[in-house]
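Derivation of every value follows stated rules applied to the coordinates shown; laboratory data play no part. Treat the numbers as computed from the prediction; the structure is a model and nothing was measured. Here Cβ is always computed from backbone atoms with ideal geometry, including for glycine, and neighbour counts include all displayed protein chains.
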Amino acid sequence: MAAINGLTIPAASATKQQADGKVDQAVEDAKQAVDNTPGLTAGEKQAAKDQIDQAAQTAKDNISHATTNTAVTTAAQDGILAIKKAAALAAIDGAAAVKNGTVNGTLLTAEEKQDLMDQVAAAANGAKDAINAATTVAGVTTAKDTGIAEINKVTVPTVSAVKTAAKDAVQKAAESKLSEINAATALTAEEKAALVNQVKSMVAQAERDIDAATSNALVQSAREKAISAINAVTVSATSPVKDQADGALDKAAAAAKDQVDNTAGLSAEEKQTAKDQIDQALQQAKENVAAATTDEGVENAQAAGLLTISKVTAKAAIDAAAAAKKSEIAQAPLTTDEAQTLTNLVDQKAAAAKAAIDAASTISAVDQAKDEGVTAINGVKVPAASPVKAQANQAIDAALANKTKEINGAANLLPAEKQALLDQANQAAVQAKERVDAASTDAAANQAAAAGVTAIANVTVPSLADAKRDALQAIEDVLKQKVAEINGAAHLTAQEKQDLISQAQQAADNAKDRINQATTNDDAVKQRDAGVQQITNVKVPTLAEKRAAALAAIDEALAAKQGEINNAANLSDQEKASLTSQAEQAAAQAKASVNQATDDAGVAQAASAGVAAIMGIKVPGLGDQQAAAVAALDEAKKNKLAEIAQAANLTATEKDKLNQQVNAEYQQALAKVNQATTNDAVERARTAGVTAIMNVKVPTLAEVKQAQIAALEEVRAAKQAEINRATNISQAEKEALLQTVANVADNAIDQINAAQNDQEAAAAEETGIKGILNVTVRSLDEVKVNGKQAVADALQNKLDDIAAAANLDAAAKQDLVDQAKEEAATADAAIDRATTNDQAFAAANTGVGQILGITVPTLADAKQAALSAIADALKQKQAEINSAVNLTAGEKQHLLDEASQLADQATAAIDQAATNQDVEQAAKAGVQAIQAIQVPTVDQSRDQAISKIDQALATKQAEINAAKLSSAVKQELLAAAGQAAANARTAIHQATTAQEIAAAEAAGIAAIEGIQVPAPATDDQAGTGSRPQVTGDANNPQPGNDQATADAQSSAMAGGLNGQSALNGSSDHQQTGLPQTGNNARRDLSAAGLLLASLVGFLGLAGFRKKQD
């Protein structure tokens, strides 16, 4: 007994500790393998480690429950096998992720990528099936290695076969089109080059579009679009450049023939000869055009032909001018020698002009030589008379001019008197010139001239005194008559008579002053007539006239007031009737007072009071506006009267007439203002009245100035006709030139009018004529040359910009250069086609704008665009991730971090790029990498959760099947596990969000793993009386003992699963019945209770969610 009591019982099983250590080592190795597995995300690695931990925990639990060394070894081996499988499955997932990442990193189409990823998935799924089916660690390793090898066998091509085929098709279409272009013999080298560049540009764009396509459909679309565009490139059977040149030559030849036909002075034979020469030049030019192989050759052939044609027409114009001048010489009254000398001079000038035309190398030079030749021929002066007779006539003209000046300078003469004297002098001059023209000798001509000079000198000029005396006497006589008339008017008051006499006396005194100041007979007569008229105009009214005028004034005031009242839209009918009644009553009272008056003073007072009473009736509304209008009219009247009074060149009569005109306009406007019924009407009346008053013209006339103005107008008309005849300029240009001529002419006229003497007026006239003649009409050729130069300058500037762009590669630069040159060629062609200056200007401006509008991208711009593309791709991916309702916050954050990291990497690559091409490639790679991030769908999350449920179920099933239990117990445990898995799958399928799926998955796994598999009873436990039907020796258990134990376990499990014993507080009864097996029973019941609670809780959660939905 002492020996027995002295035995030491260890606190823990060394075998189990050793088994736990092996499991721990397997866990450490497995986790290390997971950490070293490429392709797995942090979340995936953690999930694998969680599975490893679960397998380890299960193994340790089984080791802990094991009662024999063999059971411990089996539990350890099973656990290590499960741990190895978890690590192996993670390795398969990592290999598949690496391979899929390689696939997504290519430029393959979506379909090609999907095919490769399907191959990867098939290899991965096969490997996982083999791993799960393996029963040994070696088998797991073999299945894993084989699976990874199969995944790695999936070959990822670097080039898309679909895209390569599409590019080959595009290239084939391009080669066919290029062959067609090169076979077009009618085209010039430049035309072919332009078409070739167009096709090459299309091929390059197609390759870019195909590379950028992400699906077979998009590749096919890019291929078909490119082939269609290439096939649509038209290769003309004829050369547009040559056709244009031939057309220009035909047009020039036709115009030249028309010009020859319309050239006066040429005979029919001369015209036909010139047209034959034009046809010869046209034919030769067309042959040269057809033979040209370049645009420059065509242009040179065309230019040479146009030059030859222009020379033919120019020489015809010279011949016509010479013929016209010789005809003029033949008709002049000259001697034979004089005529021959002039004819020889014409021939010399014609020959010189033709030589200059032959030497000209441009059409403008030909035109210049022609114009200068015609001008030189036309400049040959053909005298209208002999020099002797001309000199004689000049002497007569000089004598006449002196006499005319003497007469016109006589300040005391009336115009009629001056005219009579001028007529005498002119008659003497005419008679003298007739005798000179009739003279047949120099002596006779000189004698006739001397006689005429003497006759003109004998015309005498009279004096001024008598004219003034007669004028003063006439004023005095009229004044006496007017005073007598005034004094005889008995109805006038003494004051009225005195006022009228004072008016008449003032008019007489003014007239006398002006007469005494007169410096010519005409001035004296004019001042006399004006004074007589002013005195006569002093009106002596009768009493009846006074009354009639007063009554009319009252009626007029009443009518105006009635109109004002009736037109007041703001008044009611009753208010209008009341105001009208007041006005009519005031008018009636005023008329009664006028009729009762016995003299002018009474009539005037009654009328004034009546009008004031009528007008004093206030009509609400327009008063202020009318007052302002009246003030404006008063101001305009005041200013205009002041202007008239200050005009020193006007006579008193002219001033009086103008004053009357101003007063009439003022009264008319005043009446309209007073009659206006609206503010707008008042404003219109004011504006019209002020304008009418200001438009009263205060004239200033000078005969000497009018002559120069007439000459200026003649030059103006000639220049206007020249501008209007120009066919190469637009209407706008014509209007601009006409406006310039008008400005010059008007300015000259203003200067003439402002001149103080004849010399200043003549200088203003000469300046104006020169200014008008200097207004030139630019030729179409000059505008075209300038336009092409502007295009060339813009092209060179753009080429310099392109060459200086260090950030562009050669291909990019060449594309820009080709684009700029194409725009320049288009502009030059449009300029050549222009038939007006406006068209040439527009073509040049358009070309320059198109060339300068070509953007040369900078490196900074390219980087900014690339960064924007990365930012947009990141933003879109972030939105896609954040909108994925099936993901947990952790899963979303993991994807967001991955996208941000890829964006940062792309940004760094863009920042380090040194060329636009590098930037584009970095941006493209970054965008593709970000877009390649896969955001799991709800279905993917659901499938993954179900997969984990299946794995948990498989693990539990394996555990149950490996346990040494009866078939009945195993069947019950397997059914419970299967039901827990089915319930979990149902909850997962019903879940709609990541949180619900994760909760359903966790609850399901917990329910499955919560099913406890009871360990078999040990021999020691069996010998302590725990089996109800134990008989015989405790060390020799009977055959029925195992069945009793199994039955007890089955009973306990059934009670636990039915939710009875463990939940009804019957543990004491169980302990009484089974005192040695109570721990196992409680453990079984706890497992069953945990399973039931988990399932009920989760199903309750699902039901609650359904109610919410």
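From the Cα gyration tensor of the range 339-417, with a ≥ b ≥ c the square roots of its eigenvalues, which class applies: rounded if a/c is under 1.5, or else prolate if a/b is larger than b/c, or else oblate?
Oblate.
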**OP:** Output ³J(HN,Hα) for the range 346-355: one whole-Hz value per residue in order, computed from phi by the Karplus curve 6.51 cos²θ - 1.76 cosθ + 1.60 with θ = phi - 60°, and x for Gly and Pro.
**Re:** 5, 4, 4, 5, 5, 5, 5, 5, 5, 5
**OP:** Report the relative contact order of the chain, percent, no decimals, based on alpha-carbon pairs under 8 angstrom and at least 6 residues apart.
**Re:** 5 percent
**OP:** Please give the helix 967-990 orientation as an angle from the longest Cα principal axis of the chain, in degrees from 0 to 90, rounded to the nearest 10.
**Re:** 10 degrees
**OP:** Can you put 933, 227, 278 in order of Cβ neighbours within 10 angstrom, beginning with the fewest?
**Re:** 933, 227, 278
Original post:
In debye, nearest 20: dipole of the chain around its Cα centre with unit charges on the Cβ of K, R (+) and D, E (-)?
Top reply: 1440 debye
**OP:** Report the label-to-label distance for residue 722 and residue 438 in nanometres (one decimal), using points 7 Å from each Cα along the Cα→Cβ vector.
**Re:** 4.5 nm
Subject >> Relative contact order [Cα under 8 Å, 6+ residues apart], the range 240-378, whole percent >> reply: 26 percent
**OP:** Relative to the longest principal axis of the C-alpha atoms of the chain, give the angle of the C-alpha long axis of helix 494-517, reported between 0 and 90° and rounded to the nearest 10°.
**Re:** 80 degrees
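Ignoring everything except DSSP H segments at least 4 long, calculate the 222 nm mean residue ellipticity for the chain; use -39,500 (n - 2.57) per segment, divide by total residues, nearest 500.
Counting only the DSSP helices, I get -27500 deg cm²/dmol.
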**OP:** Determine the distance separating the Cα centre of the range 828-905 from the Cα centre of the range 111-173; give it in Å without decimals.
**Re:** 37 Å
Original post:
Between residue 225 and residue 331, what length in nm is gained on full extension when 0.36 nm per residue of separation is reduced by their alpha carbon distance?
Top reply: 30.2 nm
Subject >> Separation in nanometres of the label points that stand 7 Å from Cα toward Cβ, at residue 964 and residue 372 >> reply: 13.3 nm
**OP:** Could you compute the FRET efficiency for residue 185 and residue 159, with r as their C-beta to C-beta distance and R0 at 41 Å, rounded to 0.05?
**Re:** 0.55
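Roughly speaking, what is the stretch gain from residue 595 to residue 138, that is 0.36 nm per residue apart minus the C-alpha to C-alpha distance, in nm to one decimal?
Values: separation 457, 0.36 × 457 = 164.52 nm, distance 14.83 nm.
Additional length available on full extension: 149.7 nm.
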Original post:
How far apart, in nm, are two points set 7 Å out from the Cα along the Cα-to-Cβ line at residue 344 and at residue 975?
Top reply: 15.0 nm
Original post:
Tell me, what HN-Hα J-couplings in whole Hz come from the Karplus equation 6.51 cos²θ - 1.76 cosθ + 1.60 at θ = phi - 60° for each residue of the range 249-263, using x for Gly and Pro?
Top reply: 5, 4, 5, 5, 5, 4, 5, 5, 5, 4, 5, 5, 4, 8, 7
Original post:
If you take the beta carbon distance between residue 576 and residue 646 as r and set R0 to 45 Å, what does 1/(1 + (r/R0)^6) give as a FRET efficiency, to the nearest 0.05?
Top reply: 0.40
Original post:
Just how large is the dipole of the range 465-536 about the Cα centre, in debye to the nearest 20, putting +1 at every Lys and Arg Cβ and -1 at every Asp and Glu Cβ?
Top reply: 60 debye
Subject >> Listed residues 327, 316, 353: farthest to the positive end of the dipole of the range 293-372 (Cβ charges) >> reply: 327
**OP:** With everything on Cα atoms, drop me the angle between helix 442-457 and the longest principal axis of the chain, reported from 0 to 90° to the nearest 10.
**Re:** 80 degrees
Subject >> Using a Förster distance of 51 Å, the FRET efficiency for residue 495-residue 767 (Cβ separation, nearest 0.05) >> reply: 0.25
Original post:
How much length, in nm to one decimal, is gained on full extension between residue 584 and residue 875, taken as 0.36 nm per residue of separation minus their Cα-Cα distance?
Top reply: 96.0 nm
Subject >> ³J(HN,Hα) computed for each position of the range 340-345 - Karplus, 6.51 cos²θ - 1.76 cosθ + 1.60, integer Hz, glycine/proline x >> reply: 5, 4, 5, 4, 4, 5
**OP:** Please report the relative contact order for the range 780-852, taking Cα pairs under 8 Å with a sequence separation of at least 6, and give it as a percent rounded to a whole number.
**Re:** 48 percent
Original post:
Where a ≥ b ≥ c are the square roots of the eigenvalues of the C-alpha gyration tensor, would you call the range 240-378 rounded, which needs a/c under 1.5, or, failing that, prolate if a/b is larger than b/c, or oblate?
Top reply: prolate
Subject >> Anisotropy class of the chain from Cα gyration tensor, a/c 1.5 cut >> reply: oblate
